[in-house]
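Comments concern the structure below.
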Amino acid sequence: MGKDVIVACDFESAGQTFAFLDKFTGRKPFVKIGMELYYAEGPGIVREMKRRGHKIFLDLKLHDIPNTVKQTMRVLSGLDVDITNLHAGGASTMMKAAIEGLTRPDGTRPLLIAVTQLTSTDQETMEKDLLIHEPMDKVVMHYAENAKRCGLDGVVCSPLEAGKVHEACGQSFLTVTPGVRFENKDTGDQKRVMTPAQAKLIGSDYIVVGRPITAADDPVAAYERCINEFVD
Ligand code: C5P
């Protein structure tokens, strides 16, 4: 898969989600289904998105004992999404078990990527709450390298980290980057942001864009602006 813009469908219900997606009569966006929508609507929302022809990143961030993650990934593999994910903090045995569970009998599987440290976790939180005393950069790169060693396809990271991740893990290791904003726009709760054009320059493979598209006066125009800046 080449570079693409993934639209974060952070809505409460299928009704709201499809009212939004119905506006896109041309190119069908690659969509991200997160916990809020998945837990509200269940696997039916994934099947309906698929039926409508969208590529899907199922962002459920699994983190549990290896056997539970393996069995859950086995269930998710049946939903035929394009990308799904887990927390690298679950460690190598969990990540390897996830790959096993996700791989179908014919050897195919969705792409699997890892969350390293959440962008809501800063250095102070990591030290005080998690008792991790290494610098954030080092922790993120270490988790990315663990994910690569376990056979995962990439990581979710800040666009500011994408270049470094590619240096450490290779150009084909995917970087999926939220925290994208247009110039001169309110950044909301995202602290480390980049424009789609900057994310392209730094080498992100996929940008995940939520509110700059979902809350725009003209979501289709905002989406097309992202495509023009990032993909074309
Ligand atoms: O609205 P906004 O563009 O900030 O949405 C970004 C999306 O990416 C949200 O769905 C958010 O949960 C997700 N995300 C993030 N930072 C991470 C991981 C996921 O913003 N580290």
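The values are calculated or read from the model by the stated rules, or taken from the named source; none is laboratory data. These figures come from a predicted structure and were not determined experimentally. Backbone-built Cβ (ideal geometry, glycine too); neighbour counts: all protein chains shown. SASA here: full protein model, heavy atoms, side chains in, ligands and nucleic acids out. Shrake-Rupley method; radii C 1.70, N 1.55, O 1.52, S 1.80 Å.
Applying the condition of being buried (at least 17 other Cβ atoms within 10 Å of the Cβ) and under 17 Å from P178 (Cα atoms) to segment 103-120 and asking which residue is nearest to the ligand (Cβ to nearest atom) yields T119. For segment 1-29, what are the residues that are out of contact with any His (no Cβ under 7 Å at 6 or more places or on another chain), in contact (Cβ under 8 Å) with a residue 60 or more places away in the chain and open to solvent by less than 50 Å² (accessible area, probe 1.4 Å)? Within segment 1-29, D4, V5, I6, V7, A8, C9, F11, F20, F24 qualify.
Residues in segment 30-52 that are open to solvent by 20 Å² or more (accessible area, probe 1.4 Å) and away from the ligand (no atom under 15 Å from the Cβ): E41, P43, G44, R47, E48, K50, R51, R52. Evaluated against (1) assigned to a loop (DSSP other than H, G, I, E, B); (2) among the charged types (D, E, K, R); (3) within 16 Å of the ligand (Cβ to nearest atom), D137 falls short on exactly one condition, (1).
Here N146 meets the list (1) within 15 Å of the ligand (Cβ to nearest atom); (2) among the polar types (S, T, N, Q); (3) not in a loop (DSSP other than H, G, I, E, B) almost entirely, failing just condition (1). When segment 207-223 is limited to residues that are more than 11 Å from the ligand (Cβ to nearest atom) and either touching a residue at least 60 places away in the same chain (Cβ under 8 Å) or of a type in the set (S, T, Y) (or both), the one that is most open to solvent (accessible area, probe 1.4 Å) turns out to be V220. Considering only residues in segment 87-102 that are of a type outside the set (G, A, S) and open to solvent by less than 20 Å² (accessible area, probe 1.4 Å), the one that is farthest from V165 (Cα to Cα) turns out to be L102.
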